[in-house]
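Engineer: Quick one: the structure is below, questions incoming.
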There are 2 protein chains.
Amino acid sequence: MENPPNRERWRSRITDDLWGSVIPFWMEHSLDREHGGYFNQLDRDGSVFGDDKHVWLQGREVWMLSKLFLDRGDERHLDAARLGAEFLARHAVGPDGRAYFQLRRDGSPVKLQRKIFSECFLVMAYAEYARASGDGAFRTRALELFDRVLSLVDDPSPLGRPVLAGQRPARDLAVPMILLNLVAELRGEPGTATFDDRDDYDAIERRCVAEVLLHYDRGRGLVREQVGLDGTPLDCPEGRLLNPGHVIEAGWFMAEHAARVGDAQLEADAFAMMEGALDAGWDAQHGGLFYFLDAEGFSPTQLEWSLKLWWPHCEAMIGTLIAWRRTGEARWWQRFEQVAEWALDRFPDPEHGEWFGYLSREGEVSQRFKAGPYKGCFHVPRALWMCERLLAE
Amino acid sequence: MENPPNRERWRSRITDDLWGSVIPFWMEHSLDREHGGYFNQLDRDGSVFGDDKHVWLQGREVWMLSKLFLDRGDERHLDAARLGAEFLARHAVGPDGRAYFQLRRDGSPVKLQRKIFSECFLVMAYAEYARASGDGAFRTRALELFDRVLSLVDDPSPLGRPVLAGQRPARDLAVPMILLNLVAELRGEPGTATFDDRDDYDAIERRCVAEVLLHYDRGRGLVREQVGLDGTPLDCPEGRLLNPGHVIEAGWFMAEHAARVGDAQLEADAFAMMEGALDAGWDAQHGGLFYFLDAEGFSPTQLEWSLKLWWPHCEAMIGTLIAWRRTGEARWWQRFEQVAEWALDRFPDPEHGEWFGYLSREGEVSQRFKAGPYKGCFHVPRALWMCERLLAE
């Protein structure tokens, strides 16, 4: 593998952003020392513009800070992870076993979604925090919640969504994709002291991979968010929806799994899925990745379809670098540079730290806040941290 | 009242758009002669890009077509209204009495919202269709559903939304506003043969007006979408949310009610609410009305906040003309011209008819479809039809 001339320049730019701008932003502004947990509605300068706490983001910040502690051994990160982990252990799950979506600052519940993702992000948080802290109670919490997630996937009736006669039997990409990621998170890194395993992980992974592949239309080179039970495309806007960032994220989850089990064909499929999403998702006019597209070229019904969101660009930086490291192909390096250049020129805020989350199609800041109901201490630091490692090794 | 020089020019431009472009689009493309009801996912050229049917829009089209028939006596409009009214009577309400949100082409149910608006738009549809067709069964349906709506407002537990300890006791502007409009629709036009009345209408209207006014912050000149039970502002993003188009719509509902009952103070309040929303909502840089704003100037968390949607401009055209007719003040005429000029220069599609629904902040077409899950045969023809009358009289 040829060493690209800019490799060190990119590594140092990413390191500077991660440790000089992103992590300091969260450590300085997000920790709620009074009630525990994190402020996750932060204006451009880090001031709190809403003090409700969103469980997805609380869990993801616990995961990220635990990860940083395991990597660097800085006790401040473990201490900050504990602040969130203990808050969530006290408040995130209701008496019926369902995890809430939104809490007040003091932890009292505000919103419950009819979805499994709050539970999923708690599994990630608790597994990584258990590893970081050595507190076995969090490992037990993670495994119990993971079993709960598996049971809700097989029988979603406790979610309370109405079952109606006209609904098209369908499957969502998000479900096998997040389960594949959760198994990887529960296992931890192979070869380390904290590697964990369970009899059913391999079987769950095989099932997830098979299900993700049902969404992949090889002929068209695209991955639909929703398909019929056997993978048949659904002829409706919901069935034509494309989410390039989501496909790239699913792609690198699958590529990492394929590398671990040594499945070269699956790894090639994962990279092909990512490449198709980068081809279809890149805005030829203004650059950057669209949020949503329609597989047949209709206007997506999602009003925000043309916005450039931070996280698809984070996922694309990770995915292209993984593909470059595994294949050594120059085109993956070029893809990485294309995405990273566009993203790092526009999303980071040199004045107050962290990244803006939402740009207009033209690349102008559309929302000035750094943290909101769906943006927290997760995609940016995860991407920068992973890219730093992928560029350094 | 001085007659503004451009009055006839505006009237003729609006008449041309309504009868030459808008109504022909719906009559040509939306009628589903095979299954009944209307196609309400129509691409730029009127082709169907999704054949599910959204009950809000089905009901609103029945209302609009019935209104046109009552005004003009064209049997084609009554026939088209019947197509929707009978489809809805067969399919819109489930065995538990709740109205669905989304149906398949054949009427089988796909989605149920935990909100009362499907029911509300059925009340409008059935009341107006009963008046147009003389079919008393639809009047009975309208009144029964209206009672159902009132009962869900007082006890929302059948909607199935979870009640959680951290929820802030709050009221939504949408509820009193839509009820005020429903009473006006059920009554019909005073002095006509089809004017209908019920003992409790006056009391409901008084309650609605009092509730709308709880959202009105006179000191700041703004109307919050959500406030505490006694009108106190809530210090959270949900409590700071402004929706200028919604306030203008509520304003003209209230102005019409105030004119009918002869309450000059209330009428002045209604106009002041509208004026505040026009001041706050107008984009000084690119023109047009923002979709959402935050009362304290934070970025709204709604990703689509800066889009220019067709319907706030429709409501603003109606509202400014009502205020101009009632007050005779030149500034209301100027406001009308400002909004109408911006809107009519950008939203209508001279090639295929009707209006685009969603423009970027800069005023470029963001979504090319003419009908989607929230845009149908309603806001545009209602506004043009009302403006035509307000300009002509």
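Engineer: Given the criterion in contact with a Gly (Cβ under 9 Å, 6 or more places away or on another chain) and away from every other protein chain (no Cβ under 12 Å), identify the matching residue among B:L78, B:L68, B:L57, B:L18.
Structural biologist: B:L57
Engineer: I'd like the residue in region A:98-113 that is small (G, A, S) and closer than 15 Å to A:G36 by Cβ and, out of all such residues, is nearest to the chain's Cα centre (by Cα).
Structural biologist: A:G107
Engineer: With the structure loaded, tell me whether A:G297 is out of contact with any Ser or Thr (no Cβ under 8 Å at 6 or more places or on another chain) and within 13 Å of chain B (Cβ to nearest Cβ) or whether it fails that test.
Structural biologist: yes
Engineer: So, in region B:152-193, of the ones that are more than 15 Å from B:C208 (Cα to Cα) and among the basic types (K, R), which residue ends up farthest from the other protein chains (Cβ to nearest Cβ)?
Structural biologist: B:R187
Engineer: Considering every residue within region A:348-364, establish whether at least one is within 14 Å of another protein chain (Cβ to nearest Cβ), within 30 Å of B:G50 (Cα to Cα), in contact with a strand residue (DSSP E or B) (Cβ under 8 Å, 6 or more places away or on another chain) and assigned to a helix (DSSP H, G or I).
Structural biologist: no
Engineer: Just give me the residues in region B:98-112 being out of contact with any helix residue (DSSP H, G or I) (no Cβ under 9 Å at 6 or more places or on another chain) and more than 8 Å from every other protein chain (Cβ to nearest Cβ), in sequence order.
Structural biologist: B:R105 - this is the single residue of region B:98-112 that is out of contact with any helix residue (DSSP H, G or I) (no Cβ under 9 Å at 6 or more places or on another chain) and more than 8 Å from every other protein chain (Cβ to nearest Cβ).
Engineer: Moving on to the next point. Considering every residue within region B:163-182, establish whether at least one is small (G, A, S) and modelled with pLDDT under 95.
Structural biologist: No, region B:163-182 contains no residue that is small (G, A, S) and modelled with pLDDT under 95.
Matching residues to (1) in contact with a Pro (Cβ under 7 Å, 6 or more places away or on another chain); (2) of a type outside the set (D, E); (3) surrounded by fewer than 18 Cβ atoms within 10 Å (Cβ to Cβ); (4) part of a loop (DSSP other than H, G, I, E, B):
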site: B:L143; (1), (2), (3), (4): no, yes, yes, no
site: B:P158; (1), (2), (3), (4): no, yes, yes, no
site: B:V163; (1), (2), (3), (4): no, yes, yes, yes
site: B:M177; (1), (2), (3), (4): no, yes, no, no
site: B:N181; (1), (2), (3), (4): no, yes, no, no
site: B:E185; (1), (2), (3), (4): no, no, no, no
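Engineer: How many residues does region B:208-230 contain that are closer than 23 Å to B:V183 by Cβ and exposed (fewer than 15 other Cβ atoms within 10 Å of the Cβ)?
Structural biologist: 2
Engineer: Among the residues that make up region A:201-221, is at least one of them modelled with pLDDT of 95 or more, more than 21 Å from A:L278 (Cα to Cα), touching a Pro at 6+ places or on another chain (Cβ under 6 Å) and assigned to a loop (DSSP other than H, G, I, E, B)?
Structural biologist: No, every residue in region A:201-221 fails to be modelled with pLDDT of 95 or more, more than 21 Å from A:L278 (Cα to Cα), touching a Pro at 6+ places or on another chain (Cβ under 6 Å) and assigned to a loop (DSSP other than H, G, I, E, B).
Engineer: Condition first: more than 18 Å from A:R331 (Cα to Cα) and touching a helix residue (DSSP H, G or I) at 6+ places or on another chain (Cβ under 9 Å). Now tell me which residues in region A:305-320 satisfy that.
Structural biologist: Matches in region A:305-320: A:K308, A:L309, A:W310, A:W311, A:P312, A:C314.
Engineer: Same structure, new question: Between a residue in region B:97-114 that is of a type in the set (V, I, T) and any residue that is in a loop (DSSP other than H, G, I, E, B), which pairs come within a Cβ distance under 7 Å, given they are 6 or more apart or on different chains?
Structural biologist: B:V110/A:L164; B:V110/A:G166; B:V110/A:Q167; B:V110/B:D52; B:V110/B:R104
Engineer: Here is a list: B:A132, B:A125. Which entry is away from chain A (no Cβ under 14 Å) and farther than 22 Å from B:M177 by Cβ?
Structural biologist: Exactly one of B:A132, B:A125 is away from chain A (no Cβ under 14 Å) and farther than 22 Å from B:M177 by Cβ, namely B:A132.
The values are calculated or read from the model by the stated rules, or taken from the named source; none is laboratory data. From a predicted model like this one, the values you see are computed outputs, not experimental measurements. Virtual Cβ from ideal backbone geometry, glycine too; neighbours counted across all protein chains shown.
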